[in-house]
1. Answer with one residue from Gln85, Thr42, Ile98: the one whose Cα lies farthest towards the positive end of the charge dipole of the chain, charges on Cβ with Lys, Arg +1 and Asp, Glu -1.
2. Please give the net charge around Phe5, taking every other residue with its beta carbon less than 14 angstrom from that of Phe5, where Lys and Arg add +1 and Asp and Glu add -1.
3. Restricting things to Cα coordinates, could you compute the convex hull volume per residue of the chain in Å³?
4. Along its three principal axes, how long is region 45-105 when you only count alpha carbons? Whole Å, largest extent first please.
5. Using Cα springs under 10 Å in a Gaussian network model of the chain, which residue among Met51, Met88, Met61 shows the largest mean-square fluctuation?
6. Once every DSSP H run of n ≥ 4 in the chain is given -39500 (n - 2.57) and the sum is divided by its residues, what mean residue ellipticity at 222 nm do you get, rounded to the nearest 500 deg cm²/dmol?
7. Just need the relative contact order of the chain here, percent rounded to a whole number, with Cα pairs under 8 Å and 6+ apart.
Amino acid sequence: MFFDFSTFSILAGKAYDHGCPWRLVDVLRVFRWYFKAYEKWTGRPHPPIRMAQIRRIIDIMPFLEENPGGYPDLEPDDYRALIDQHFMTQYAGADFNINHFFSGRIRELRFHEVFG
């Protein structure tokens, strides 16, 4: 992997809030899958993302909605299929940045495509 995941892991650890229903190791697994898929599909490392973006992604990762509440909608392992589906989806002008994946209804739509 070209992306410096060890440095990213340190940043994600600082951004991680223990209020997240998932363990940090599970959050990091999802990030790793995404960055590996990004490199596989684009042939380049994912661009750096800011601490605020990392924190926002961690906060919504277990949920399909951007303003989550209650119990998680997703399990960490669900993301393997969602990420694969995301990269097989044709978007007009998308750069496949992780921020795109975690915006709007992207994950919800991929969830319904994969899991019905």
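1. Among Gln85, Thr42, Ile98, the one farthest towards the positive end of the dipole of the chain is Thr42.
2. Working: positive: Arg29, Arg32, Lys36; negative: Asp4, Glu39.
Neighbourhood net charge equals +1.
3. Values: hull volume 11.6 nm³, N = 116.
That works out to 100 Å³ per residue.
4. Taking the Cα atoms of region 45-105, the three principal extents are 34, 26, 19 Å.
5. Met88
6. On the way: 6 runs with 65 residues, N = 116.
Result for the chain, helices only: -17000 deg cm²/dmol.
7. Contact order relative to length: 27 percent.
Each reported figure results from applying straightforward, stated rules to the coordinates on display, with no laboratory input. Given the structure is predicted, the values throughout are model-derived calculations rather than measurements. Don't worry about glycine lacking a Cβ; one is built from the backbone with ideal geometry, like all the others, and counts go over all protein chains shown.
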